[in-house]
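The values are calculated or read from the model by the stated rules, or taken from the named source; none is laboratory data. None of the values given here were measured: they were computed from a predicted structure. Positions of Cβ are generated from backbone atoms using ideal geometry, with glycine treated the same way; all protein chains shown enter the neighbour counts. We work out accessible area using only protein heavy atoms, side chains counted, and drop any ligands, DNA or RNA first. Shrake-Rupley method; radii C 1.70, N 1.55, O 1.52, S 1.80 Å.
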Amino acid sequence: MGDEFEHNDSKNLYDALEKLSEHLIEMERLKPISFSDFLELSVKAPYGVYRDIFQVFYDMVHFYVKERKERKKNLFAESYFKNYDFFKLLQEGSDNPFFADRLFANRFINLVNGFKDGTRTNQIVLFEGPPGSGKSTFLNNLLQKLEEYTLTSNGSMYSIYWKIDIDKLGGRGNVKNILDTIGDEETHSLKSKEKYIEFLCPSHDHPILLIPKEYRKTFLNNLIKDNKFKNKLFHEKQYEWIFNEVPCSICQSLYTSLFDKLENAAAVYSMVHAKKMRFNRQFGEGISLFNPGDQIYQKAITNKALEQKINNLFKTEHIEFIYSILAKTNNGVFALMDIKEENIKRLIQLHGVISDGIHKVGLIEESIKSLFVGLVNPGDKVHYSDIPSFNDRVIEVKIPYVLDYNIEVSIYKNQFGDAIEALFLPGVLRNLAKIMISSRLNGESKTIKTWLKKPNDYKNYVDNNFHLLKMELYTGKIPFWLKEADIKSFDSGIKRGLLRESDAEGNSGFTGRQSINIFRNFLAQHKKPNHLITMAEVEAFFLKNKTKLFNDFITKDFITFMRRMYDYNLLQEIKECIYYYNKSQISKDILNYIYALSFDKGEEVINPYTNDYITVDEGFFNLFESIVLTPDSDEVKSFRKDIQTTYISQTLAQEIQIEGIDITETALYKKILDKYTRSLKKNALTPFVENENFRRALLDYDSDSFAKYDARLKNSIKHLIKNLNKKYGYTKEGAIQVVIYLIDNKLYLKN
C-alpha cells in the first residue's frame with residue numbers, strides 16, 4: 001500500500017513538473033531574435049509588428065471586446081449606442097470584476113477608437129467619476145488585462161535588445177581592463193558573460209528606429225511586400241511615429257559608436273536584436289501605477305557597471321547610461337490612481353512631457369511617448385482645470401454610477417450569487433434595481449419632453465420624470481409600447497440629446513457600495529425558505545424606511561408608480577398566457593389587409609397569399625383596424641399609408657423578390673402580427689375572472705379537488721401556468737401566486 005501511494009505521489013509530481021516545463025518552454029518566446037529574423041517577421045506579419053502602445057491598446061480592447069448582435073433592430077443602436085460585451089476585458093479572471101453599462105461601454109470604445117488613428121497622443125485620459133463608481137476596479141482590471149495581452153502572440157510588442165560581441169570590438173583584452181576597475185560582484189557577473197554584453201533598451205524603443213530616419217521610408221518600401229499595408233504605412237497618421245521618432249540617447253550613441261568602430265552596417269545590425277516586451281506592473285516595466293501617497297522619485301536611473309563595460313570596449317566618446325523613471329513606461333502606460341496628494345504634483349510635472357513628448361535627464365533629452373491615464377473625482381478637477389494649457393491635453397471620460405438596471409442586477413448576482421434571482425417573483429428583482437437607478441437620474445428630461453407630444457398616452461408606463469422610459473433607453477431598448485409616431489420622431493437629435501443628458505447623470509444617488517449594502521439588508525429581512533419575494537415587499541421596504549439616505553434619494557411617487565407599472569405589466573403577462581388564438585385565421589386577416597391596401601375601393605381581388613376573395617371597401621379595412629388601432633382617423637390614415645408604402649418598397653421589392661423570404665417571415669408581417677395579437681389579448685381574461693370557480697381551481701391546482709372542475713377551466717389554468725413558466729420564467733407556485741394576487745386586487749378592472 002505504501003509503495004502504491006509513493007508511486008502515485010511521484011507520478012503527480014512528475015505531471016506537475018511536466019506542465020511547468022511546458023509553460024516555461026512557452027515563455028521561451030520572449031527570447032531575443034536577430035534583427036534579420038525580426039525584419040523577416042515584419043514582412044510576414046506587418047500589422048502585428050509595426051505597433052506602438054496606442055495601436056496595441058486598441059488591438060487589445062477589440063481582441064477582448066466584441067459587439068453583441070441585437071435580436072431585434074434597435075433604432076437607438078444604429079450608429080453610436082452599440083451593444084458591447086466587456087466580460088472578457090473587465091470581468092473574466094478578475095478577483096473584483098467591473099460591470100460596464102452600455103453608456104460607459106460606448107464612451108470607452110469611442111475613446112479607444114481614437115487611439116487607432118493616432119489622434120490621442122500628447123494627451124492624458126482622465127476617467128472621472130464619483131466615489132464608489134468603481135473607477136479603481138476598472139483601471140486595475142484594464143491594466144491587468146493589458147499585461148496579460150502583451151504576453152500573448154496577439155499582443156506582441158518588440159523592443160531593441162543589444163547583444164554586443166566583445167571579440168569583434170577588441171576581444172578579451174578590453175574585458176581585463178574592466179575587471180580592474182569594478183568590484184567583486186560585477187566581476188562575477190562579467191565572468192559569466194564572456195562573449196557578449198547584453199541589455200534591453202531602457203526606453204523600449206522599437207527596433208525599426210535604428211534604421212536612420214532619412215532611409216526608413218525607402219528601406220520599408222523595399223522590405224514590405226504587402227501593398228495594402230504599405231499604403232496604410234505611408235499615408236495614415238497612426239504610422240507617422242515610424243518615420244518621425246528617433247531612438248533613445250543610449251541606443252543612438254551605441255549605434256553611432258558601433259558604426260564608427262566597425263564601419264560596416266551589417267556588422268552593426270548583427271549586434272542588434274529584437275525582444276518581445278514583457279509588461280510587468282509589479283516592477284514598473286511597461287506599466288506603472290501611482291497611488292496618491294507614493295513618494296515622487298526624481299533621481300535619474302543609472303547602471304555604472306554596464307556603462308563601464310561599454311565605454312571600455314569603445315574607448316571613444318563617453319556613452320552615458322542614464323534615463324528617467326518615465327523611460328520605464330515609454331511605449332507603455334503611466335497611470336495615476338487619483339489626482340490627490342503626490343499625484344497632483346505628478347500631473348503638473350507631466351504637463352510638459354504630455355505636451356511636447358520631451359523630458360530632460362541631466363543634459364540629455366529623453367523622448368517619451370506613453371499612454372497617460374488617471375482617475376479623478378469631480379471635486380478634484382480644480383487641481384488642473386484652472387491651467388489653460390491643460391485644457392486641450394486632458395480627455396475626460398465619465399465613469400458614473402451604473403445607469404442600466406440589468407447591469408445593476410449583474411452586480412448583485414456577482415456579490416450574492418446567481419441563485420438570488422430565484423428568490424424573487426419574475427421582474428421584481430429588476431424593479432428593485434430600477435429603484436436604485438432612479439436615485440442616480442436627474443429630476444427631469446427636457447429631451448423626452450420635447451420628443452413625446454402626448455405623454456399622457458403612456459400613463460401606465462411613464463412616470464412624472466420619465467425615469468422608467470429613460471432607463472429602458474439607456475439599456476438600448478426602444479419600448480414596445482411606444483406609438484409608431486413617437487418611434488418615427490426618435491431621430492438623431494433626440495438620441496444625441498439623451499446621450500448628452502446621460503453625461504450629467506450618475507454622479508449622485510446611491511453609490512455602488514451603498515446599493516450593495518441596501519440589497520444585503522433587504523435580503524436579510526425577506527429571504528425565507530419556500531418564499532418568493534414580491535413587489536409589495538420591495539415597495540414596503542423602501543417606503544417604510546425613514547433614514548436620511550432614503551429620504552434624500554428615493555421619491556415616494558416613483559415607487560408608487562413602479563408598483564402600478566408592475567401591476568399593469570403583470571396583467572398583460574397573464575392575458576398573454578391565458579389567451580388562445582387561431583393562428584391560421586389571424587395570419588389570413590393580416591395578409592388580406594396588407595394585400596388589399598394596394599387596390600382601389602370597390603375592386604374585387606383574389607389574394608395570392610391566402611387565395612381568399614376580397615371586396616376592397618371601407619368596411620373591410622375598418623373591421624381589421626378596429627382591432628389593431630384606437631378610433632383615431634388621423635392614425636388610421638397614417639397606418640394605412642405606412643403599411644402600403646413599406647409593403648411595396650421593402651417587403652415586396654426587397655425581402656420577397658430579392659431575398660426570397662416568405663411573407664410571413666417579413667418584418668412588416670411580424671410587426672402587424674404583434675400589434676394584432678396584443679389587441680386581441682386585451683379582453684382575454686374577462687370570462688375567467690367573472691367565473692367564481694377560477695380562483696378556487698387555482699388554489700386546488702395541486703390537490704385531488706382539482707379534478708372536479710370543468711374540463712375547459714382546468715385546461716385553461718394548465719395552459720396559463722405552462723405559459724407563465726415558459727414565457728416569463730415563473731415557477732408553478734409563483735404563477736399561481738401572481739394570478740391570485742391579480743384577482744384579489746382586481747387588477748383586471750384597472751386596465
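I need the peptides 699-710, 463-474, 89-100 ranked by packing, meaning the mean over residues of other C-beta atoms within 10 angstrom, with the highest value on top.
Going from most to least packed, we get 463-474, 89-100, 699-710.
Given the -39500 (n - 2.57) contribution per DSSP H run of 4+ residues, what per-residue ellipticity at 222 nm results for the chain, rounded to the nearest 500 deg cm²/dmol?
After summing the helix terms and dividing by residue count, I get -15500 deg cm²/dmol.
Would the stretch 289-350 count as rounded, prolate or oblate if I go by the C-alpha gyration tensor, calling it rounded below 1.5 in a/c and otherwise prolate when a/b exceeds b/c, oblate otherwise?
Cα axes put the stretch 289-350 in the prolate bin.
Can you list residues from other chains, or at least 5 along the same chain, whose modelled amide H is less than 5 Å from the amide H of residue 395?
Under 5 Å from the amide H of residue 395: 124, 125, 126.
Classify the stretch 191-237 as rounded, prolate or oblate from the Cα gyration tensor: take a ≥ b ≥ c as the square roots of its eigenvalues, call it rounded if a/c is under 1.5, otherwise prolate when a/b beats b/c and oblate if not.
Here the stretch 191-237 falls in the prolate category.
Would you give the gap between the C-alpha center of the stretch 546-599 and the C-alpha center of the stretch 287-324, rounded to a whole Å?
69
How do the peptides 234-247, 303-316 rank, highest first, by the average count of neighbouring beta carbon atoms within 10 Å per residue?
303-316, 234-247
Of the labelled options (i) 1.00; (ii) 1.02; (iii) 1.09, which one gives Rg/Rh (Cα atoms, Kirkwood Rh) as computed for this structure?
Looking at Rg/Rh (Cα atoms, Kirkwood Rh) for this model, the match is (iii).
Which lysines, if any, have their Cα less than 23 Å from the Cα of residue 527, not counting same-chain residues under 8 positions apart?
Partners found: 413, 434, 544, 546, 732.
Keeping the other protein chains in place, figure out the carbon and sulfur percent of the accessible area of the chain, with a 1.4 Å probe.
Carbon-and-sulfur percentage of accessible area, whole number: 50.
Please list, or write none, the lysines whose alpha carbon is within less than 18 Å of the alpha carbon of residue 135, excluding same-chain residues fewer than 8 places away.
88, 145, 340, 381, 398
How do 430, 696 rank by accessible surface area computed with a 1.4 Å probe, from largest to smallest?
Largest accessible area first, the residues go 696, 430.
Sum up the charges of everything whose Cβ sits under 15 Å from the Cβ of residue 604, counting Lys and Arg as +1 and Asp and Glu as -1, but leave residue 604 out.
Residues near residue 604 contribute -4 overall.
Normalised by the residues of the chain, what does the relative contact order come to in percent, with Cα pairs under 8 Å and at least six apart?
Contact order relative to length: 13 percent.
When the distances between all Cα atoms of the stretch 643-751 are binned every 5 Å from zero, what whole-number percent does each bin get?
Reading the bins upward from 0: 2, 10, 16, 16, 14, 8, 7, 8, 8, 6, 3, 1.
Using the heavy atoms of the protein chains alone and a 1.4 angstrom probe, what is the accessible area of the chain per residue in square angstrom?
Heavy-atom accessible area per residue stands at 50 Å².
What are the residues whose amide H is under 5 Å from the amide H of residue 322, where those residues sit 5 or more places off or on another chain and H is modelled from the backbone?
Long-range HN contacts for residue 322: none found.
Each residue of the stretch 252-264 in turn: what ³J(HN,Hα) in whole Hz from Karplus with 6.51, -1.76, 1.60 and θ = phi - 60°, glycine and Pro shown as x?
Computed from phi, the couplings for the stretch 252-264 are 5, 5, 5, 4, 5, 5, 5, 5, 5, 7, 8, 6, 8 Hz.
Over the stretch 643-751, what is the relative contact order in whole percent, taking alpha-carbon pairs under 8 Å and six or more residues apart?
Relative contact order of the stretch 643-751: 18 percent.
Which order do peptides 641-649, 199-207, 121-129, 343-351 fall in by mean Cβ count within 10 Å, highest first?
The most tightly packed comes first, giving 199-207, 121-129, 343-351, 641-649.
With contacts defined as alpha carbon pairs under 8 Å and 6 or more residues apart, what's the relative contact order of the stretch 289-373 in percent?
Computed value for the stretch 289-373: 36 percent relative contact order.
Loop-only check: which GluC sites (Glu not before Pro) in the stretch 656-751 are DSSP coil with at most 14 other Cβ within 10 angstrom?
659, 690, 692
Given H placed 1.01 Å from N in the peptide plane, which residues other than close sequence neighbours of residue 290 have an amide H under 5 Å from its amide H?
Those lying under 5 Å, H to H, from residue 290 are 335, 336, 337.
Check cross-link reach from residue 230 to the lysines: straight Cα distance under 29 Å, and skip same-chain residues fewer than eight apart.
Candidates past the 8-residue exclusion: 31, 44, 66, 116, 213, 217, 275, 276, 369.
Counting only Cα, what are the radius of gyration and maximum Cα-Cα distance Dmax of the stretch 285-393, in Å?
Cα only, the stretch 285-393: 16.5, 57 Å (Rg, Dmax).
With axes computed from alpha carbons, what is the tilt in degrees of helix 2-27 against the longest principal axis of the chain, rounded to the nearest 10 within 0 to 90?
The angle comes out at about 80 degrees.
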